[in-house]
Amino acid sequence: MSDPSQAYADFIIQAVRFTRISRYPVVAGYTALLYEFLIVFDQEYRLIYKSQWTLLKFLYLACRFIPITLWPVNIFTFMNEHTRQACQPLVVFFSLSFAPFLALPQCVYVLRAWSITGRKTSLLAIFSSCLAAYLGIVLWASTDDLRVIEAGFNTFGKAGCYRGSYRHQNPFARSIFAGIVLDFIVATIMMIYYYLTIRGSRGRLGRLVLKQDMFFFPFMLALNAWAAIMFLSPIRFLDGIVFTSVFVTSNILTCRFILQLRGLSSPTEHTELIRLSGVVRRDLGPASAMPNFERSNRASIALPVANLEPVPSHSHVSNV
C-alpha cells in the first residue's frame, strides 16, 4: 500500500506547481499591457487624445484604460492568500470585470466596421443585432455561478480566490464561441463591401483594412478556439494562460488597429512628404536618362515638394 503521508506530500507539491503555472501569466499579462501603453503613447497622444470626442474615441480609451485599471485587482485576487469570507466579494468583482475585457474589443471592432463601410443604416441594423446578442451572452457568462472554489481553503486555510465550481467555464467557452461568430460576420461584411464598391481594395484604406482583417480574424479564430476548448476541458491549471492570452491580446490588437486607421486618416507631415516625394520621382522618371537641361528643369519642379500641404484625409475615415 502507498504511504498516505507521501501521497499527501505529492498532492501539496502538485498543487503549488499548478498554482504557480496559473499565476505567472496573470502578472505577465499586466506587464504586456503596460509595455504596449508606453510604446504607443506618442501615437495615442497625437491621434486619440487630441482628437474630438466621438463614440469610438470613448470606446478606445475604455479599451485601453479599463484593463490597465482592473488587472491589478485580479492580480491581487489570484496572487494573495485570502480567507474564504474575503474571497467572495473578490470573486464577484473578478467575474464582472471580465465583461468589459470581452465586450470592449468587440464594440470597437463593430463600430470600426460600420464607419469603414459607409455608416449605412442597413448594416447598422445587422451589426447592432449581432453585437446585442453577443453582449447578452457575455453578461450571462460573467454572472453565472459566482461561488468560490473551496478546495484551497479546505487544505491550506488561506488561498487565492478562484471562481465557482468548474461549471462556470462552460459559459465562458460559449461567450468565446459567440465572439468567433461575431468576428466572422463582421469580417465577411467588410470584405464583401470593399470588393463590391469603387474604393475596393486598391486604395490605401482598403488595403489596410483587408490586411488587418486577414491577420486579425485567422489569428483570433485560432486563439479563441484554443481558449474555448481549454475552458471546456477538465484541465484547470492553465486557466491563467488562457485568460491572459484571450483578454490581453484582443485589447492590444484592437487598440493597434484603431491607431493604424487614425494614422492613415491623419498622416503626419513627415509621412506625407515621403509619399509626395515618391509620387514626384515616379512621375518624372530617373534623372540619369535625361539630358542635362531636362534634369535641371525637372529638379526645379521637384524642389517645392517640401512646401506641399498634406493631402486631406478621406471623409469616410475621418471619424475612425
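The values are calculated or read from the model by the stated rules, or taken from the named source; none is laboratory data. The structure displayed is predicted, hence computed values, not measured ones. Positions of Cβ are backbone-derived with ideal geometry, glycine not excepted, and every protein chain shown enters the neighbour counts.
Overview of values
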| quantity | calculated |
| --- | --- |
| Filter pass, Gly136 being at pLDDT 80 or above, surrounded by fewer than 14 Cβ atoms within 10 Å (Cβ to Cβ) and assigned to a helix (DSSP H, G or I) | yes |
| Pairs with Cβ under 8 Å, 6+ apart, first in the range 54-82 and free of Cβ contacts under 8 Å to residues at least 60 places away in the same chain, second not in a helix (DSSP H, G or I) | Lys57/Ser51 |
| Candidates Thr117, Thr83 - the one that is surrounded by 20 or more Cβ atoms within 10 Å (Cβ to Cβ), over 22 Å from Phe231 (Cβ atoms), over 18 Å from the mean Cα position of the chain (by Cα) and at pLDDT below 90 | Thr117 |
| Selection status of Phe76, under 16 Å from the mean Cα position of the chain (by Cα), at pLDDT below 90, assigned by TED's automatic domain parsing to the domain that holds Arg174 and more than 24 Å from Leu208 (Cα to Cα) | no |
| Single residue of Leu104, Leu123, Leu111 found to be touching a residue at least 40 places away in the same chain (Cβ under 8 Å), over 28 Å from Phe41 (Cβ atoms) and assigned by TED's automatic domain parsing to the domain that holds Asp213 | Leu123 |
| All positions within the range 44-90 that are charged (D, E, K, R) and out of contact with any Asp or Glu (no Cβ under 9 Å at 6 or more places or on another chain) | Glu44, Arg46, Lys50, Lys57, Glu81 |
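Okay, residues lined up against (1) part of a helix (DSSP H, G or I); (2) surrounded by fewer than 17 Cβ atoms within 10 Å (Cβ to Cβ); (3) touching a helix residue (DSSP H, G or I) at 6+ places or on another chain (Cβ under 7 Å):
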| residue | (1), (2), (3) |
| --- | --- |
| Asp42 | yes, yes, no |
| Ile48 | yes, no, yes |
| Phe58 | yes, yes, no |
| Phe65 | yes, yes, no |
| Ile68 | yes, yes, yes |
| Val73 | yes, yes, yes |
| Phe76 | yes, yes, no |
